[in-house]
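Okay, structure first, notes after.
The values are calculated or read from the model by the stated rules, or taken from the named source; none is laboratory data. Values in this document were obtained by computation on a predicted structure and should not be read as measured data. Backbone-built Cβ (ideal geometry, glycine too); neighbour counts: all protein chains shown. Each accessible area value is taken on the protein alone, full model and side chains, heavy atoms only, with ligands, DNA and RNA left out. Shrake-Rupley method; radii C 1.70, N 1.55, O 1.52, S 1.80 Å.
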Amino acid sequence: MTGIWGIVNVTPDSFSDGGRYLDVDRAVAHGLRLRAEGAAVLDVGGESTRPGAERVGADVEQQRVIPVIEQLTAAGVPVSIDTLSAETAVAAVRAGARIVNDVSGGLADPEMRAAVAESGADFAIGHWRGFSDDMYANAEYRRVAREVAGELQERISEAASSGIAPSRLIVDPGIGFAKTGTQNWDVLRGLDEIVALGPRVLVGTSRKRFLAERLRQESDIEVSEARRDLATAVTSALAARAGVWAVRVHDVAATRDALAIAHAWEG
Ligand code: PMM
């Protein structure tokens, strides 16, 4: 059955104000709640990758995520570190993370692949074409699902030549990364091309802009977080049907229920 990754973003826009201790406490409590709701893995991130987001330094990133990873790991929860930085990846694995989730697939930091190879962690590699500030400049495709699969295949080969076996890899088509709304739907429709690559597949649609855009076309009722979470549960259940190994979401409980119902349908 498709697993669920719960998102624990330790960034000022998600766990704002208060002292650092309070932030850590809140992030850990939030993670433990997602775990209790059914998350198999908690994906801890200290730098936002949203379109237009500014980069933070690896030191700030680590101050945010390391104490959270230590506490979640101590509580027995499998943790993944969502980072573009090799230095943060290494520190996170030292603190207990088992998976390095790099949305750039190793492209953003030239040290990343060697660092992951050496660490022994699993490596989740995303489809990516550039940093948040100008990613839409690269959103040009002829057949998007096929091109995404082709570029992920290059990332898989690079990982292999750095000594990371395919059994340690997880591939992710990078929904929203250098892709317009329509292109995201095309990628989801073509998920079988990503699944055919071989490694485990992770898909993250959670609360993303393309869902809100679609909902806005349906009605002028404000697109609340709850509506985005419901849309996420639906896309996650459909992704599960397409054979993905895991989905990365904010609202674990809603997606858990959606996956259970989709599973029941399949019998
Ligand atoms: N999306 C975001 C951050 N990290 N990691 C993976 N593997 N796949 C994704 O689609 C992904 C990611 C951006 O979303 P957020 O800011 O809501 O966490």
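Kindly list, by first and then second residue, each pair from a residue in the stretch 248-260 that is closer than 17 Å to G45 by Cβ to a residue that is crowded, with 20+ Cβ neighbours inside 10 Å and among the hydroxyl-bearing types (S, T, Y), limited to pairs with Cβ atoms under 6 Å and residues at least 6 apart or on different chains.
Matching pairs, first to second residue: V249/S206; V249/T232; V249/T255; H250/S206.
Out of the residues in the stretch 36-58 meeting the condition of being within 11 Å of the ligand (Cβ to nearest atom) and open to solvent by 40 Å² or more (accessible area, probe 1.4 Å), tell me which one is nearest to the chain's Cα centre (by Cα).
R50
Kindly indicate whether A145 is in contact with a helix residue (DSSP H, G or I) (Cβ under 6 Å, 6 or more places away or on another chain), open to solvent by less than 40 Å² (accessible area, probe 1.4 Å) and on the phi > 0 side of the Ramachandran plot.
Values: in contact with a helix residue (DSSP H, G or I) (Cβ under 6 Å, 6 or more places away or on another chain): yes; open to solvent by less than 40 Å² (accessible area, probe 1.4 Å): yes; on the phi > 0 side of the Ramachandran plot: no.
So A145 fails the test.
Out of all the residues in the stretch 198-227, which are in contact (Cβ under 8 Å) with a residue 40 or more places away in the chain and either over 21 Å from S104 (Cβ atoms) or open to solvent by less than 40 Å² (accessible area, probe 1.4 Å) (or both)?
Result: P199, V201, L202, V203, G204, T205, S206.
Is there a residue in the stretch 95-108 that is over 19 Å from the mean Cα position of the chain (by Cα) and in a helix (DSSP H, G or I)?
No.
Return yes or no: is V90 over 17 Å from the mean Cα position of the chain (by Cα) and open to solvent by 20 Å² or more (accessible area, probe 1.4 Å)?
Here the answer is yes, as V90 does meet what is asked.
Name the residues in the stretch 2-15 that are under 19 Å from A39 (Cβ atoms) and either of a type in the set (D, E, K, R) or at pLDDT 90 or above (or both), would you?
Of everything in the stretch 2-15, those that are under 19 Å from A39 (Cβ atoms) and either of a type in the set (D, E, K, R) or at pLDDT 90 or above (or both) turn out to be T2, G3, I4, W5, G6, I7, V8, N9, V10.
So that you can scan it fast, the table gives a plain yes or no per residue for (1) among the polar types (S, T, N, Q); (2) closer than 20 Å to E87 by Cα; (3) at pLDDT 95 or above:
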{"residue": "D17", "(1), (2), (3)": "no, no, no"}
{"residue": "R20", "(1), (2), (3)": "no, no, no"}
{"residue": "A29", "(1), (2), (3)": "no, no, yes"}
{"residue": "A36", "(1), (2), (3)": "no, no, yes"}
{"residue": "D43", "(1), (2), (3)": "no, yes, yes"}
{"residue": "G46", "(1), (2), (3)": "no, yes, no"}
{"residue": "V60", "(1), (2), (3)": "no, yes, no"}
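Which residue is nearest to L169 (Cα to Cα), if the candidates are limited to the stretch 114-137 and must be away from the ligand (no atom under 16 Å from the Cβ) and part of a helix (DSSP H, G or I)?
Of everything passing the filter in the stretch 114-137, A117 is nearest to L169 (Cα to Cα).
Assigned to a loop (DSSP other than H, G, I, E, B) and among the charged types (D, E, K, R): is that true of E70 in this structure? First the steps, then the outcome.
Working: assigned to a loop (DSSP other than H, G, I, E, B): no; among the charged types (D, E, K, R): yes.
For E70, the condition - assigned to a loop (DSSP other than H, G, I, E, B) and among the charged types (D, E, K, R) - is not met.
Tell me, yes or no, whether the stretch 237-250 has at least one residue that is away from the ligand (no atom under 11 Å from the Cβ), within 26 Å of F131 (Cα to Cα) and not hydrophobic (A, V, I, L, M, F, W, C).
Among the residues of the stretch 237-250, not one is away from the ligand (no atom under 11 Å from the Cβ), within 26 Å of F131 (Cα to Cα) and not hydrophobic (A, V, I, L, M, F, W, C), which makes the answer no.
Within the group T232, T182, which residue is β-branched (V, I, T), at pLDDT 95 or above and more than 16 Å from the ligand (Cβ to nearest atom)?
Result: T182 is the single residue among T232, T182 that is β-branched (V, I, T), at pLDDT 95 or above and more than 16 Å from the ligand (Cβ to nearest atom).
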